[in-house]
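Heads up: the structure comes next, in C-alpha cells.
The values are calculated or read from the model by the stated rules, or taken from the named source; none is laboratory data. Bear in mind that the values here come from a model prediction, so they are computed numbers and not experimental data. Methodologically, a virtual Cβ is constructed for each residue, glycine included, from the backbone with ideal geometry; neighbour enumeration extends over all protein chains shown.
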Amino acid sequence: MRVVERASDGTPQGALVFFHGFWGIPEDFVPFMDKVDPARRLHAFLPQAPTHVSEGRYSWEGGQDETSAWLDTLPFPLVRTVLAGWSQGTWLAYRLALRDGRPRPAGVVALGGSLPPDVTLEPPFPAFLVAHGTADESVPVERAREACDRLTSAGAAVEYHETAIGHQIDQDVVPAIRSFLERLP
C-alpha cells in the first residue's frame with residue numbers, strides 16, 4: 001500500500017490516519033494535515049486507496065481488509081490513533097473504527113461522508129467529530145444526521161458541525177477539528 005507521511009515535530013503523541021475520497025490521492029490532503037494539526041503533535045499517514053479509477057485517481061472500494069491489515073503495522077497503538085476521512089474515506093474510517101473484534105481508535109473525524117448501514121454499533125466507542133454541508137450534492141446532509149443519530153442512540157459521544165456548503169471541506173470547521181484532535185489522548 002502506498003502511503004504518504006507527514007512527520008510530527010519531535011516525538012509524536014500519536015497518529016492521524018487520513019483517508020481521501022473517491023477519485024482522490026493522498027497528496028491532495030497533505031496541506032490539510034498542517035491545518036488541523038499545526039503543532040505537528042501527530043504523525044500523519046495518508047494511504048492511497050487500492051482501486052485505480054482513472055487519471056491517476058483512486059477509490060476505496062474493495063480496500064477494507066488490506067487497509068485493516070496495514071493499520072496493524074503502524075508504530076502506534078490504535079488507542080493513540082485518529083482515523084479520519086473525506087467523503088468515501090469517511091465511510092472507510094467509520095468501518096475500520098467500528099469493526100467487530102478490533103481495538104477502537106482514540107477518535108474518528110468524519111467529513112462529508114456517511115456511516116455504513118451494516119456496521120454494528122457496540123461500545124466502547126471512540127470520540128467522533130462529524131462535519132457536513134447542507135448543500136452537499138454528492139452525499140446528502142441527511143446521511144450525516146442519520147450517522148449522528150445512530151451513534152448517539154448507541155451511546156457514542158458525537159460533536160456535530162453542519163455548515164451551508166456543498167461537497168467540500170468547509171474551512172470554517174478546521175478550528176473545531178484542531179480542537180478535537182488536541183483534546184484526544
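Selection of segment 46-65 for residues being touching a Pro at 6+ places or on another chain (Cβ under 6 Å) and either on the phi > 0 side of the Ramachandran plot or of a type outside the set (Gly, Ala, Ser) (or both) yields LEU46, GLN48. Is it the case that some residue within segment 32-53 is crowded, with 21+ Cβ neighbours inside 10 Å, in contact with a Gly (Cβ under 7 Å, 6 or more places away or on another chain), of a type outside the set (Val, Ile, Thr) and assigned to a loop (DSSP other than H, G, I, E, B)? Yes: one or more hits. GLY24 falls short of the stated requirement of being over 17 Å from the mean Cα position of the chain (by Cα) and either surrounded by 22 or more Cβ atoms within 10 Å (Cβ to Cβ) or farther than 16 Å from LEU181 by Cα (or both).
Of the residues examined, LEU92 is one that is in a helix (DSSP H, G or I) and within 24 Å of VAL36 (Cβ to Cβ).
Kindly check whether there is at least one residue in segment 76-84 that is more than 19 Å from ARG145 (Cβ to Cβ) and assigned to a loop (DSSP other than H, G, I, E, B). Checked segment 76-84: at least one residue is more than 19 Å from ARG145 (Cβ to Cβ) and assigned to a loop (DSSP other than H, G, I, E, B). The residue that is surrounded by the fewest Cβ atoms within 10 Å (Cβ to Cβ), counting only those in segment 161-180 that are farther than 26 Å from TRP23 by Cβ and of a type outside the set (Gly, Ala, Ser), is PRO175.
Among residues of segment 1-15 that are in contact (Cβ under 8 Å) with a residue 24 or more places away in the chain, those with a beta-carbon under 7 Å from a residue that is aromatic (Phe, Trp, Tyr) and surrounded by 14 or more Cβ atoms within 10 Å (Cβ to Cβ) at least six positions away or on a different chain give the pairs MET1/TRP70; VAL3/PHE45; GLU5/PHE45; GLY14/PHE76; ALA15/PHE45; ALA15/PHE76.
Scoring GLU66 on the criteria (1) at pLDDT below 95; (2) crowded, with 16+ Cβ neighbours inside 10 Å; (3) more than 16 Å from the chain's Cα centre (by Cα) leaves a single failure, condition (2). When PRO12 is tested against (1) closer than 19 Å to VAL79 by Cα; (2) in a strand (DSSP E or B), just one condition goes unmet, and that condition is (2). Give all pairs with beta carbons closer than 6 Å in which a residue from segment 143-172 that is without any contact (Cβ under 8 Å) to a residue 60 or more places away in the chain and in a helix (DSSP H, G or I) meets a residue that is surrounded by fewer than 16 Cβ atoms within 10 Å (Cβ to Cβ) and of a type outside the set (S, T, N, Q); count only pairs at least 6 apart in sequence or on separate chains. Filtered contacts from segment 143-172: no entries.
Of all residues in segment 42-63, those satisfying the criterion of being under 17 Å from the mean Cα position of the chain (by Cα) and either closer than 21 Å to LEU184 by Cβ or β-branched (Val, Ile, Thr) (or both) are LEU42, HIS43, ALA44, PHE45, LEU46, PRO47.
Of all the listed residues (GLY85, GLY112), the sole one being crowded, with 16+ Cβ neighbours inside 10 Å and at positive phi is GLY112.
Give the residue that is surrounded by the most Cβ atoms within 10 Å (Cβ to Cβ), with candidates limited to residues of segment 124-137 that are of a type in the set (Gly, Ala, Ser) and under 14 Å from ALA164 (Cα atoms).
Residues of segment 124-137 of a type in the set (Gly, Ala, Ser): 127, 131, 133, 135.
From the residues that got through so far, the ones that are under 14 Å from ALA164 (Cα atoms) too are 131, 133, 135.
Details: ALA131: 25, GLY133: 23, ALA135: 11.
That would be ALA131.
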